[in-house]
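One structure is given below, encoded as structure tokens.
Derivation of every value follows stated rules applied to the coordinates shown; laboratory data play no part. Since this is a predicted model, take the numbers as computed values, not measurements. Note that we place each Cβ from the backbone using ideal geometry, even for glycine, and neighbour counts take in every protein chain shown.
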Amino acid sequence: MADLADERGVAAAAVPSAASEPLAPAPDTTLPSGAVEVIPKRKGNLFVPGHPRYGGRKKGQANRKTKRAIEMADAMGVDPVKFLLEVIAKDMVQEPVRGPNGQLVLGTDGKPQLEWVCVSLETKIDAAKAVAPYIHPKLVSKEVTGADGGPIESVHVEMDIASILASPEGIEAAQQLALSLAAARADRLIDGPDGEEE
């Protein structure tokens, strides 16, 4: 029986014909006692696309550490964001008095003595930095492109004002547009740029 070679030049055993000797029995594949079979690790994604997801944390749900922090804050009756906003808003806050060795000084009732201290500008800035993401989330930058990732197409329209004002309908439309723009500008001047009364 001759060996055959595939296109890569690797030799492959020829298939025995019916006229040749009978096939040998299959080798014994049982493992000796105490041996462990090693199964090769599967590479790539274990799930096929579209496979439903089971278990795990739902998207947008707080993780264990966040849940625990919220539970602790609720149990203590504190709100960190509210506290930071109060630090920003106030010029003075009460702080526990500490002795020369750094330990709290207790009053006659057993509670720590408090004293009024000024809140520094640096402390207010740090508090504002810490609380800002809860009030104003960071903006995500997004690239704006035209069709198929190409440049944005701009259209320039030229108007002939004389031909627009030649007809009574054009004059009426121009007057309505001018009045609505003037009303919008007057509202902005009265209310201010943020929509609040000045």
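The table below lists the values:
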| item | result |
| --- | --- |
| In region 108-170, GluC sites (Glu not before Pro) in a DSSP loop with at most 14 other beta-carbon atoms within 10 Å | Glu143, Glu153, Glu158 |
| Positive-end residue of Ala75, Ala127, Leu114, charge dipole of region 64-135 with Cβ unit charges | Ala75 |
| Lysines whose Cα lies under 27 Å from that of Lys67, excluding same-chain neighbours fewer than 8 positions away | Lys58, Lys59, Lys82, Lys129, Lys138 |
| Shape parameters for region 64-135, alpha-carbon atoms, Rg then Dmax in Å | 15.2, 42 |
| Tensor-based shape of region 73-198 (alpha-carbon gyration tensor, a/c under 1.5 rounded, otherwise prolate or oblate) | prolate |
| Difference of contour (0.36 nm per residue) and Cα-Cα distance, Asn101 to Ala184 | 23.4 nm |
